[in-house]
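Data first, discussion second: the structure below is written as structure tokens.
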Amino acid sequence: MKLEMGNIFVKDVVLGEENAFEEGILTVNVQGLRDHLLEDHRIGKVNVDLAKPGESVRIIPVKDVIEPRVKVVGEAKEFPGVTSTMATAGKGRSHVFKNAAVVTTGSIVGFQEGVLDMSGPGAAYSPFSKTLNIIVELEPKKGITQHEHEEAARLAGLKAAAYIGECARNLEPDEIETFEMNSNAVEIVKYPDLPKVVYLEMLITQGLLHDTYIYGLDAKQTLPTLLHPNEVLDGAVVSGNCVAACDKITTYQHLNNSVVKELYKRHGKDLVFLGVVLTNENITLQGKLRSCNMATNIAKHLGADGVIVSEEGYGNPDSDLMLNCKLLEEEGVKTVLITDECAGRDGMSQSLTDASPYAKAIISTGNVSHLVTLPPMEKVIGNEKAIEHLAGGYSGSLLPDGSLECELNAILGCTSEIGYHNVTVKEY
Amino acid sequence: MAEKKVVYYINQFFGNIGGEEKAHIPPEETLGAKGPAMGLEGYLQGEGTVVATIICGDNYYNEHEKDAKKTILEMVKKHEPDLFVAGPAFNAGRYGMACGGVGKMINEELQIPVLSGMYEENPGLEGAKASIHIVRTGNSAATMRKALPKMGEIAKKLLRGEALEEPKKEGIFPQGRRVTVFSDKNGAERAVEMLMKRFREEPFETELNVPVFDRVKAAAAIEDLSKATIALVCTGGILPKGNPDRIESASATKFGKYSIEGLDDFVEDAYETVHGGYDPIYANGDPDRILPLDVLRDFEKEGYIGKVHEYFYTTVGTGTSVMNSQRFGVEIGKQLKEDGVDGVILTST
């Protein structure tokens, strides 16, 4: 499978009357975008705004982040099975506006949305303080249910990214990245001496605001399944979740999955990358046993010598993480796990709710309960009072001077368990 | 700037009073530095003065811990020290227990930094290391000359109020505090690097040592349910609408206790969940789905159970640290026991 990613580097974003890209400056057609999203009868109001790195801006509550893209060559369009007809992602050519992102906000659906600061100490904790953000603020029509609200907001973000991305169709990319990998049978013969690696990506699948979609199918209803890495990088997986903002995998992070990219980089040099196994995080014991056993069997059957396992969320799925680890290690497959920690505000608590003696190699992406104070920002997009209802916030989180006192839990993308950011934990 | 003051603790041996035959002596106080305190003071290079040295027999401390601590606290408090130092105890067990026990007590009571030194197998280490700073030393007093300069360096930093560096760099035992920091590589790069090390069978360092869990033994079965009082407890965040005690939707720091006297059903108008870790729609539609009060009341009317306890307890499980959970469990369990509850329906989500 071969995918060409045509990267177009955005230097600045402005709001205007038509979509355009010239000399690094992306112009967004505000009215056009608004009209496009209002076609969904569940959405009552759309506001479009901008937030750029270094600005004194806070966005709250953030739902999802999506990279603007367009499919230029290939049968699939953006987000096949979700915003377009099902077809295989990962083939042909896509054009991407790099450094730009659509960020959805608007009235809160649930407890799990996040906060994003574009400057100050909060900015260092979020990878999305470094992107030029096009903020899409959505207000639902009165009377719709929470499930409808969530779906409308999720689709609006994807549609906005595709609408803006369309403008990249006929541009000459600044750079073409080629992702090409043949079938495992061929690649293994090509590199007979290199260790073979599978990426086992756990997806949260626990109901409203805790769902993930694979080609549009709710991953709750799936069995562990094998994808070519290109499919992940090209829109096969989208986020439908607002699990604690710190460690949910936003759609942007699925499209730029850092473990997939790192394994790709080393493919043929240090290792043979056998593919991505997507598995879910069930809420029943039977479901956990089924998915973990089947995921292990796929990895084993593919001939994996090692597996990187990444978790999404914390608490309940710690048990899936540990079970995956145990089953793989028992089969003689070496594992490295990526997780964050719930070590309490003082960092003195044990971090996980389940443990296995097999879990000897763990990457920690931060303590979600680490407390931070985020000084006031000149501009707030959304509603700062929402902090009291976010995971990581509490009654009294909004201080009289406009500062937010909250746990990292609330900060978007901070403790990414696909290792997208650079936060970690040291023991003192 | 006022001169920084240090109070020092040593046993009868290092206080030059005597060996085993003097291990029974109660705490006594000498002004100024004595024994190893003199050595340490030298390494402080004028940044602090040992204003008093307290000497206590090892046996006395271990046999009269409560009295010893009380006396020592009074002796230390009046000096208003900036730092308390004990030992080093090397691998001396009773001395280590005393240094650790006294050190922890002083840290808690006076809220000042405490420094000690021990060998890794000293039994005093485990109970004290979370609250005081303990320098790694050799296993006998023969290594005093190596231990004191290291303790001096740490003591100077503590007196200046400087943050200590990583325990490995400082040569101290980790306190078990998980501190969030930035790395120069992202998590994915670190993960693949670690896997490559495993393939090459090179040493690697996990970023998190997994905890060891204790197992709770199940209580004996209730002999006669028809006489039993049953309580409802949950971690699913069901509570009176409006969340009167402001329990957090994730990473809870408290639990709530609410009366259900005369209540037959958790109706959706009056109860809701604040839990941030699951789809709340069905719980809010009928909170009994999480905490089955309605069914329990039926059982009560039928005489299948004796009665439903008049209070239910609730908190949010998601993201809540194990340490907080243990605290909630102990407190709730104690209250239920005092109220004569025989059994608990404990639901999670």
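The values are calculated or read from the model by the stated rules, or taken from the named source; none is laboratory data. What you see is a predicted model; the values in this text were computed from it and never measured. Using ideal geometry, Cβ is built from the backbone for each residue, glycine included, and neighbour counts are taken over all protein chains shown. Remember, those area values only see protein heavy atoms, side chains included, never the ligands or the DNA or RNA. Shrake-Rupley method; radii C 1.70, N 1.55, O 1.52, S 1.80 Å.
Odds and ends about this structure:
- Rounded to the nearest 500, the helix-only mean residue ellipticity at 222 nm of chain A stands at -6500 deg cm²/dmol, with each DSSP H run of n ≥ 4 adding -39,500 (n - 2.57).
- A:GLN31 versus B:LYS77: modelled label distance in nm, points set 7 Å from Cα along the beta carbon direction: 7.7
- In this structure, the amide hydrogen of A:ASN280, modeled 1.01 Å from its nitrogen in the peptide plane, lies closer than 5 angstrom to those of A:LEU203, counting only residues at least 5 positions away or on a different chain.
- Chain A: relative contact order in percent, alpha carbon pairs under 8 Å with at least 6 residues between: 19
- Charge dipole of the protein assembly as shown about the Cα centre (unit charges at C-beta), most positive-ward option of B:PHE90, B:PHE255, B:PRO203: B:PHE90
- For chain B, averaging the sequence separation of C-alpha pairs within contact (under 8 Å, six or more residues apart) and dividing by the residue count gives a relative contact order of 13 percent.
- From phi via Karplus (6.51, -1.76, 1.60), per-residue ³J(HN,Hα) for region A:70-82 in Hz, x at Gly/Pro: 9, 8, 9, 10, x, 6, 6, 10, 5, 6, x, x, 10
- Computed over neighbours whose Cβ is under 13 Å from that of B:PRO36, the net charge equals +3, Lys and Arg +1, Asp and Glu -1.
- Residues in region B:196-222 that, when all protein chains are in place, have 40 Å² or more less accessible area than the chain alone would give (probe 1.4 Å): B:MET196, B:ARG198, B:PHE199, B:GLU207, B:LEU208, B:VAL210, B:PRO211, B:PHE213
- What the phi angles of region A:245-260 give under the Karplus curve with 6.51, -1.76 and 1.60, with θ = phi - 60°, is a coupling list of 3, 5, 10, 6, 8, 5, 4, 4, 6, 4, 5, 10, 3, 5, 6, 4 Hz, glycine and proline written as x.
- Listed values for region A:25-42 are Karplus-derived 3J(HN,Hα) couplings in whole Hz (6.51 cos²θ - 1.76 cosθ + 1.60, θ = phi - 60°), namely 9, 9, 9, 9, 6, 5, 5, x, 5, 4, 4, 4, 6, 6, 4, 6, 5, 7, and x replaces Gly and Pro.
- Extension gain for B:GLU205-B:GLU300 works out to 28.6 nm (0.36 nm per residue, less the C-alpha to C-alpha distance).
- Residues of region A:350-397 whose accessible area, computed with a 1.4 Å probe over protein heavy atoms, drops by at least 50 Å² once all protein chains are present relative to their chain alone are A:GLN350, A:ALA355, A:ILE362, A:ILE363.
- Only Lys, Arg (+1) and Asp, Glu (-1) charged, at Cβ; region B:225-347 dipole about Cα centre in debye: 560
- C-alpha center-to-center spacing [region B:23-100, region A:358-419] in angstrom: 43
- Look at the dipole of chain A built from charges on Cβ: of A:ALA386, A:LEU223, A:LEU116, the Cα furthest out on the positive end belongs to A:LEU223.
- Minimum 10 Å² accessible area buried by the other protein chains, region A:131-149 residues, probe 1.4 Å, relative to alone: A:GLN146, A:HIS147
- Theoretical FRET efficiency, 1/(1+(r/R0)^6), r = Cβ-Cβ of B:LEU346 and A:ASN383, R0 41 Å, to 0.05: 0.70
- Rounded accessible area per residue of region A:1-153, 1.4 Å, Å²: 37
- The residues of region B:5-170 have, on average, 45 Å² of accessible surface per residue, using a 1.4 Å probe with all protein chains present.
- Normalised by the number of residues in region B:225-347, the average gap of Cα pairs under 8 Å and 6 or more apart makes the relative contact order 47 percent.
- Annotation: per residue accessible area for region A:362-428 equals 30 Å², rounded to a whole number [probe 1.4 Å, protein chains only].
- Value at 222 nm in deg cm²/dmol, rounded to 500, when DSSP H runs of n ≥ 4 in chain B each add -39,500 (n - 2.57): -10000 deg cm²/dmol
- Look at the dipole of chain A built from charges on Cβ: of A:LEU171, A:ASN257, A:ILE308, the Cα furthest out on the positive end belongs to A:ILE308.
- Take the Cβ atoms of A:ARG169 and A:LYS45, set R0 to 30 Å, and the FRET efficiency comes out at 0.55.
- Taking 4.7 Å between C-beta atoms as the pairing limit, chain A has these partnerless cysteines: A:CYS167, A:CYS242, A:CYS292, A:CYS325, A:CYS342, A:CYS406.
- Charge dipole (Cα centre; +1 on Lys/Arg Cβ, -1 on Asp/Glu Cβ; no other charges) of chain B amounts to roughly 1580 debye.
- Highest mean packing first, where packing is the average number of other Cβ atoms within 10 Å per residue, the peptides A:68-79, B:39-50 line up as A:68-79, B:39-50.
- Accessible area of the protein assembly as shown belonging to carbon and sulfur atoms, whole % at 1.4 Å probe: 50
- For B:VAL181, residues with placed amide H under 5 Å, excluding near neighbours: A:THR424, A:VAL425, A:LYS426
- Using the Cβ-Cβ distance between B:GLU121 and B:PHE182 with R0 set to 35 Å, the FRET efficiency works out to roughly 0.50.
- Buried accessible surface for the A/B pair, both sides summed and rounded to the nearest 100, is 5800 Å² with a 1.4 Å probe.
- Rounded if a/c under 1.5, otherwise prolate or oblate - chain A, Cα gyration tensor axes: oblate
- Label-point separation, B:GLU331 to A:ALA20 (7 Å along Cα→Cβ), nm: 6.2
- Relative to the Cα centre, the charge distribution of region A:1-74, modelled as +1 at Lys and Arg Cβ and -1 at Asp and Glu Cβ, gives a dipole magnitude of about 360 debye.
- Pairwise centroid distance, computed over Cα atoms, of region A:1-54 with region B:269-313, Å: 48
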